[in-house]
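J.: Below you will find the structure I want to go over with you.
The values are calculated or read from the model by the stated rules, or taken from the named source; none is laboratory data. In this text the structure is predicted, and so the values were computed from the model without any measurement. Reconstructed Cβ throughout: ideal geometry from the backbone, glycine too, with neighbour counts over all protein chains shown.
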Amino acid sequence: MSRDGVSLKFGSGISDIITPERPPAQLLDNVAAFIRRFVHLPAAQAAIVTLWVVHTHALTLAVTTPYLAITSAEKRSGKTRLLEVLELLVARPWLTGRLTAASLIRKIDRDRPTLLLDESDAAFNGDMEYAETLRGVLNTGHRRGGSSSCCVGQGSNITVKDFQTFCAKAIAGIGKLPDTVADRSFHIRLKRKAPGEKVDRFRLRLVKPQADSLKKLLATWAGRLKELPDPSLPDALTDRQQDGAEPLLAIADAVGGDWPQRALEALLEICGKQAADDQSNAVLLLSDIRDIFKAGDLDKIFTKDLVDKLVQIETSPWAEWKTGKPISPTSLSRLLKGFEIAPGSVRVGGNTAKGYDREAFADAFERYLPSYPKIEPSHPSQPNIHAGPEHFSEPSQKQSVTGRKNEKSPMFTRIVTGVTAQIPEEGHGNTKTLYPAGGEKLCSKHGFHLEWFVGPEGFRLCGKCHAEQTQTFKSTQKGN
């Protein structure tokens with residue numbers, strides 16, 4: 001222990017100090033590893049859960065708080081276990097299941113706990129008064145200053161009082177949460193372990209000392225923060241998602257290391273999947289039609305051909321749209337009518353028939369199909385899932401993105417970190433416009449990745465789309 005911070009011993013035996021100026025990126029690595037010891041989580045979900053744990057310790061610096069919606073299709077998928085693990089790590093934990101409406105709202109107002117609510121499906125489908133109180137708490141409690149009104153007193157002395165509902169919350173249950181609650185949440189979807197997937201047995205008396213040490217270090221670091229950075233928010237997220245992402249991205253920026261990149265990748269992945277799961281049939285239809293236009297590089301398509309391609313998509317409902325029969329041209333037209341899209345006469349090759357023009361979809365594609373870039377991790381993480389509080393992983397030896405350049409190559413020296421590239425509507429690979437820092441390098445085929453170089457004409461090129469040129473360039477540089 002040090003007067004200015006908390007001394008840590010890394011795997012190399014070198015001690016370090018946690019302060020706001022030297023943030024604990026490796027501490028977060030080990031929090032993530034600790035969680036994944038007992039719950040099988042994909043990397044993106046583990047990153048979000050870890051940042052949320054830190055967020056509970058720095059809640060006083062946040063204006064909004066995202067909920068964790070911990071769901072599964074069936075029982076015995078690890079929901080309760082994840083809540084039990086979180087109980088050891090978060091600030092002011094309150095792990096509970098069924099309780100009264102009065103105790104729920106009063107305890108949140110009085111203690112500002114981190115609510116870890118189990119079996120929410122039973123709560124929402126049970127007593128109506130409690131379900132409505134819970135819904136009110138969750139609908140208002142994601143933003144500082146949120147409150148819910150309840151009657152207090154007895155007899156003629158009954159009055160209405162506003163109870164504060166702002167606090168961090170993780171809600172676990174089977175199936176889906178109410179839409180208004182799900183909209184304020186990042187979804188952690190758990191599955192039962194497959195036969196080959198192993199996690200450690202959760203033995204409280206053995207793991208609690210390790211968790212206590214991690215929790216103490218998190219609280220010490222968060223307690224020394226005076227404010228959090230103002231993070232750059234991805235345009236691909238909705239307004240509500242940006243509200244939830246902001247405190248997590250701020251934590252990641254304050255922590256440093258590869259956590260800002262990991263946080264961005266995780267949020268885009270989870271929000272992209274969430275959007276796909278939550279979309280309506282009409283929006284799903286738009287998405288499938290966009291894919292059909294893109295896959296065939298089409299500007300126009302006959303209605304009959306469009307219907308044939310839609311019913312071939314196994315993951316969509318078009319093959320058995322109504323009473324087990326495929327979607328008809330009439331049903332297709334009816335679904336698209338709400339987007340002000342109608343069939344007309346189109347000419348394809350030498351033939352003319354009823355069909356659709358790609359240009360007619362442009363406005364709907366832009367408004368209803370937010371683009372979540374395909375993310376390819378730039379810093380693959382291999383966590384030590386058995387790490388304890390004093391056995392931290394070694395610092396990464398990889399260069400940061402900012403420092404990536406080849407002194408012999410004027411091409412690589414022109415790479416700009418954190419820039420947004422304009423994606424051409426047709427084709428991929430070339431990006432002719434570079435914008436100020438704050439966005440991502442995007443290829444319309446490969447999404448976000450870091451293998452870019454500037455070609456002879458001064459355009460930034462996707463190294464994956466131009467693999468041959470990339471290899472030629474690298475060979476030339478090696479020869480030099």
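This table checks each residue for (1) assigned to a loop (DSSP other than H, G, I, E, B); (2) in contact with a helix residue (DSSP H, G or I) (Cβ under 8 Å, 6 or more places away or on another chain); (3) at pLDDT 85 or above; (4) at negative phi.
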{"site": "Val31", "(1), (2), (3), (4)": "no, yes, yes, yes"}
{"site": "Thr60", "(1), (2), (3), (4)": "no, no, yes, yes"}
{"site": "Glu74", "(1), (2), (3), (4)": "yes, no, no, yes"}
{"site": "Leu86", "(1), (2), (3), (4)": "no, yes, yes, yes"}
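J.: Does Arg189 qualify as being part of a helix (DSSP H, G or I), out of contact with any Gly (no Cβ under 7 Å at 6 or more places or on another chain) and within 18 Å of Gly272 (Cα to Cα)?
T.: no
J.: If I filter the range 112-171 down to residues being free of Cβ contacts under 8 Å to residues at least 12 places away in the same chain and among the hydroxyl-bearing types (Ser, Thr, Tyr), which single residue comes out as surrounded by the most Cβ atoms within 10 Å (Cβ to Cβ)?
T.: Thr159
J.: Which ones in the range 154-181 are more than 22 Å from the chain's Cα centre (by Cα) and basic (Lys, Arg)?
T.: Within the range 154-181, Lys161 is the sole residue that qualifies.
J.: Also: Report every pair of residues separated by at least 6 positions or lying on different chains whose Cβ atoms are under 9 Å apart, first residue within the range 196-216 and in contact (Cβ under 8 Å) with a residue 40 or more places away in the chain, second surrounded by fewer than 12 Cβ atoms within 10 Å (Cβ to Cβ) and outside any helix (DSSP H, G or I).
T.: Pairs found: Asp200/His386.
J.: Moving to a separate point now. So Thr323 passes all but one of these: (1) within 32 Å of the chain's Cα centre (by Cα); (2) farther than 15 Å from Leu369 by Cβ. Which condition number does it fail?
T.: The number of the failed condition is (1).
J.: If you check Tyr372 against the conditions, is it crowded, with 18+ Cβ neighbours inside 10 Å, modelled with pLDDT under 90 and not small (Gly, Ala, Ser)? If you could, list the steps in order and put the result at the bottom.
T.: Details: crowded, with 18+ Cβ neighbours inside 10 Å: yes; modelled with pLDDT under 90: yes; not small (Gly, Ala, Ser): yes.
It is true that Tyr372 is crowded, with 18+ Cβ neighbours inside 10 Å, modelled with pLDDT under 90 and not small (Gly, Ala, Ser).
J.: Hey, any hits in the range 34-45 for a residue that's of a type in the set (S, T, N, Q), within 27 Å of Gly146 (Cβ to Cβ) and in contact with an Asp or Glu (Cβ under 8 Å, 6 or more places away or on another chain)? Can you show your working first?
T.: Quick first cut of the range 34-45, residues of a type in the set (S, T, N, Q) only: 45.
So of that shortlist, the ones also within 27 Å of Gly146 (Cβ to Cβ) come out as 45.
Imposing the further condition that a residue be in contact with an Asp or Glu (Cβ under 8 Å, 6 or more places away or on another chain) reduces the set to none.
Checked the range 34-45: no residue is of a type in the set (S, T, N, Q), within 27 Å of Gly146 (Cβ to Cβ) and in contact with an Asp or Glu (Cβ under 8 Å, 6 or more places away or on another chain).
J.: Here's a follow-up. Looking only at residues in the range 234-255 that are outside any helix (DSSP H, G or I) and crowded, with 18+ Cβ neighbours inside 10 Å, which one is modelled with the lowest pLDDT?
T.: By that ranking, first place goes to Ala236.
J.: Restrict the check to the range 201-209 and report whether at least one residue is in the same structural domain as Gly136 (by TED's automatic domain parsing) and crowded, with 17+ Cβ neighbours inside 10 Å.
T.: Yes, because at least one residue in the range 201-209 is in the same structural domain as Gly136 (by TED's automatic domain parsing) and crowded, with 17+ Cβ neighbours inside 10 Å.
J.: Just the residues that are part of a helix (DSSP H, G or I) and of a type in the set (Lys, Arg), please, taken from the range 91-129. So that I can check it myself, show each step before the final result.
T.: Taking the range 91-129 as the starting set, the residues that turn out to be part of a helix (DSSP H, G or I) are 101-111, 120-124, 128-129.
Within the range 91-129, Arg106, Lys107, Arg110 meet the criteria.
Table: residues versus (1) surrounded by 13 or more Cβ atoms within 10 Å (Cβ to Cβ); (2) in contact with a Pro (Cβ under 8 Å, 6 or more places away or on another chain); (3) in a helix (DSSP H, G or I).
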| position | (1), (2), (3) |
| --- | --- |
| Lys273 | yes, no, yes |
| Ala282 | yes, no, yes |
| Ser287 | yes, no, yes |
| Lys309 | yes, no, yes |
| Ile313 | yes, no, no |
| Ala362 | no, no, yes |
| Glu366 | no, no, yes |
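J.: Checking the structure you have, find out if any residue of the range 130-138 is at pLDDT below 80 and either part of a helix (DSSP H, G or I) or in contact with a strand residue (DSSP E or B) (Cβ under 7 Å, 6 or more places away or on another chain) (or both). Don't jump to the end; show me each part of the working.
T.: Restricting attention to the range 130-138, the residues satisfying the condition of being at pLDDT below 80 are 130.
Cutting the leftovers down to either part of a helix (DSSP H, G or I) or in contact with a strand residue (DSSP E or B) (Cβ under 7 Å, 6 or more places away or on another chain) (or both) gives us 130.
Yes, some residue in the range 130-138 is at pLDDT below 80 and either part of a helix (DSSP H, G or I) or in contact with a strand residue (DSSP E or B) (Cβ under 7 Å, 6 or more places away or on another chain) (or both).
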